[in-house]
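Below you'll find the structure, written out as structure tokens, and then a few comments.
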Amino acid sequence: MVVRNFEMSRRSMIVMSAGTAIVSTVGCQSLGMKQSTQASAFNSNFAAFPGLFEPIVGADYIAQLNFAHANGFRVWEDAEFAQHTAQDQEKYGQHINGLGMRMGVFVGIGDATQNTLTSGEGIASYLAKISQAVDVAQRGDGEFISLVSGTKTGNLHLNYQKAYAVDALRKASDIAAAKGKTLLIQPLARQSQAVFLKSIPEAYEICAAVDHPACAVLFDVNHQQAAGGNIIANIEQAKVHTGYYQIGGPSLDGSLGSVELSYGKIVEAMRQANPDAIIGLSHFSGQNTNAPTQRSKASAMKSIQTCMELDAPMSA
């Protein structure tokens, strides 16, 4: 295991902060960084995201990538990656690859208000959107595309809805697999009551029925906590079909110490269940449910320290 030194990371951050005036230029060297001041990679595959380090280095996308890499992150996720221009998608993908990082998940289909999957209607349009998302993943040199399942369909028997969803996702998985991509089904417990899939067991059932290597579950701890808890038990039970984890929540400020979950044990359970799985830090830098998004240098730096604490060697 790599022994990480927080003081060294702090020095890296100070160097990066001092270079804020020139962060719009690309490349680590332009930021005044030297290889000897860069933090070693995390043992866990933590995924940073746009905005997490913006209070430190500014809004420039490349500067944020460089900073994440310099402080131990080797995965980058971007929920809104599909919203960038095709040219920028290629540029960012190439830069991520050049840093030796991986592109994590982005949202391929994020509309939770449609009943396409459960009604059996509009499948052609749905599959066209899947194809577009696969093209985005190609340009960004990424593998993972997240999908929300949409809503239930009126009074239609739930078993028919499940069958329609399985059929559509199997076809979608064929499209993804042709380009080496993986679709991630994300349950959304914090959305409306009409949402089709709210919990990990529900998503697992559908994914198991699809039975396709390009279809997996996105295990979002925040949503599963709202859906019914039993986080660690569900991590173990769902590990066969889990392709990705996210541990952030809407009220975090770069730290997990103030929430009710024991995240040290949760991350260890994830690493034991799926050692190579990515662990995303969604909403990890000061998005508060009672106020507009608030991010600060302190919360951004706290995010790095928290990841270091969670990255401790697994217990025997």
Quick test for you: out of GLU268, GLU205, GLU236, pick the one residue that is modelled with pLDDT of 90 or more, surrounded by fewer than 23 Cβ atoms within 10 Å (Cβ to Cβ) and under 18 Å from the mean Cα position of the chain (by Cα). GLU268
Which condition breaks for HIS223 when tested against (1) surrounded by fewer than 20 Cβ atoms within 10 Å (Cβ to Cβ); (2) modelled with pLDDT under 90? (1)
Could you check VAL75 against (1) among the β-branched types (Val, Ile, Thr); (2) more than 11 Å from the chain's Cα centre (by Cα); (3) closer than 17 Å to SER282 by Cα and say which number it fails? (2)
Just to be sure I understand, how many residues within segment 109-130 are surrounded by 14 or more Cβ atoms within 10 Å (Cβ to Cβ) and within 22 Å of GLN89 (Cβ to Cβ)? 6
Among the residues of segment 147-178, how many are within 30 Å of GLY100 (Cα to Cα) and at pLDDT 95 or above? 7
Just the residues that are farther than 18 Å from GLN246 by Cα and either in a loop (DSSP other than H, G, I, E, B) or under 15 Å from the mean Cα position of the chain (by Cα) (or both), please, taken from segment 102-122. ASP111, ALA112, THR113, GLN114, ASN115, GLY120, GLU121, GLY122
Which residue is nearest to the chain's Cα centre (by Cα), if the candidates are limited to segment 210-224 and must be closer than 23 Å to TYR164 by Cβ and of a type in the set (Val, Ile, Thr)? VAL217
I'd like to check something: does segment 41-61 contain any residue that is surrounded by fewer than 23 Cβ atoms within 10 Å (Cβ to Cβ), of a type in the set (S, T, N, Q), modelled with pLDDT of 50 or more and part of a loop (DSSP other than H, G, I, E, B)? yes
Failed condition for PHE81, given (1) aromatic (Phe, Trp, Tyr); (2) within 30 Å of GLN193 (Cβ to Cβ); (3) more than 13 Å from the chain's Cα centre (by Cα): (3)
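The values are calculated or read from the model by the stated rules, or taken from the named source; none is laboratory data. As the structure is a computational prediction, the values presented were derived from the model and not from experiment. Every residue, glycine as well, gets a Cβ built from its backbone with ideal geometry; the counts of neighbours run over all protein chains shown.
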